């Protein structure tokens, strides 16, 4: 049941401060804090002003004033804060017209859900991401005109087996999946992550060590609606980073921090429902999929390159999306093949039937990423886009002539930004995404990320070329 303003005011009786949070365009959580005495019924209608010119992707200096309004349904008590703290997620508004702000990512997600209902195709979209991450014992990095380096410390990694304090039991590359203690050193820490999430009101399913040797892990959240899941994913990242830091570790959702081992993805599961009916299920269909689900997949495959600009949105994302590391590099679908960008998890339950889009990672802004996935899928349904035949064979072992027939994901952030620029009409339907948001997003990514990496030499280039 949704929380009301009255519920929040009751919840606030046990706290000292209120933390107000919102996201910038790339997806970072921002906040400011006020004493709990300022929280009253009028606060939820009047909102609170802030400077939008200091937020990435928002306003210019001459039009900087913006307004935040808290959503009472998002309230929770921060499980990581020493001071009793009530947290509220906010939407961004224009302070003069009080109209919702077109570049507010949370507003995009809410519009995506409204658009779904307006089509009459379904009433609800459920999402469930599997966001992987690394837990390290320490990290050092530097990037300056005369210096570029990074160093990762991990007692679980194979490179630590010769350390004087090593007790053995390190994982080898790609051998980190499901080991027990003492090889898995992070069990109790992941328990703390899980308990903190549930304390904040987010139902969790499970946690485990992942494939990559040096501390790669994953926790699964129970599925929920699109905007709510984006809210929960931001909390997930916040909890993991803070609880890790409180326990002397450091956490990262960077997709590929370690060369020669698997990267961290965020497989995004989604399904469409009318009432209690899962529209993706058909007992007689391939892998139990309905024709609606196949058209949804058709939309994901057609728009895959553009989608990656929003779901795998960093230069580092494309260090992960390479063959040989269980990465979904093939623009195809399958019920078992993990190299396909769309997978249908093997289960016979009508309620559990869903489509898994495997290319995303958790550096994405979840409001934009989940909305884009939904919009691509809806475009597939509305236009009856045929996804073709499933690919249930080993795509890496195909003859070269056949392999060339299967399209692969682009190899760089620059390429997918070009794809988004050329293919974004499906995102504009229903006013869900707006041209100004996409233009600002593409400009920011090109200037601050693509060009920033393109212009800098890397340490390995010195290995290759210094003595050329």
*Can you tell me how much longer the chain between residue 425 and residue 29 gets when fully stretched, taken as 0.36 nm per residue apart minus their C-alpha distance, in nm with one decimal?*
139.8 nm
*Between residue 245 and residue 4, 0.36 nm times their residue separation minus their Cα-Cα distance comes to what?*
83.4 nm
*If the convex hull of the alpha-carbon atoms of the range 26-134 is projected onto planes in all directions, what is the mean projected area in square nanometres?*
9.8 nm²
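Run the numbers on the range 87-224 and let me know its relative contact order in percent, using alpha-carbon pairs under 8 Å that are six or more apart.
Numbers: 195 pairs, mean separation 32.2, N = 138.
Rounded, it is 23 percent for the range 87-224.
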*For the range 297-349 and the range 75-100, write down the distance between their C-alpha centroids in whole Å.*
33 Å
*Quote the FRET efficiency, to the nearest 0.05, computed for residue 151 versus residue 183 with a Förster distance R0 of 30 Å and r equal to the Cβ-Cβ distance.*
0.85
*asked:* What distance in nm lies between label points placed 7 Å from Cα along the C-beta direction at residue 434 and residue 51?
replied: 2.3 nm
*Report relative contact order for the chain in percent, whole number only (criteria: Cα-Cα under 8 Å, sequence separation at least 6).*
15 percent
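Only helical DSSP H runs with n ≥ 4 go in: add -39500 (n - 2.57) per run for the chain, normalise by residue count and round the 222 nm mean residue ellipticity to 500 deg cm²/dmol.
One gets -9000 deg cm²/dmol as the mean residue ellipticity at 222 nm.
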*asked:* Quick check: pseudo-label points 7 Å beyond the Cα along Cα→Cβ at residue 222 and residue 400, how many nm apart are they?
replied: 5.3 nm
*Enter the mean projected area of the convex hull around the alpha-carbon atoms of the range 41-98, in nm², rounded to one decimal.*
5.2 nm²
_Please give the Cα centre distance for the range 396-422 versus the range 234-282, rounded to the nearest Å._
24 Å
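Throughout, read-outs are computed from the coordinates displayed, never taken from laboratory work. Please read these numbers as outputs of a predicted model, since none were measured by experiment. Don't worry about glycine lacking a Cβ; one is built from the backbone with ideal geometry, like all the others, and counts go over all protein chains shown.
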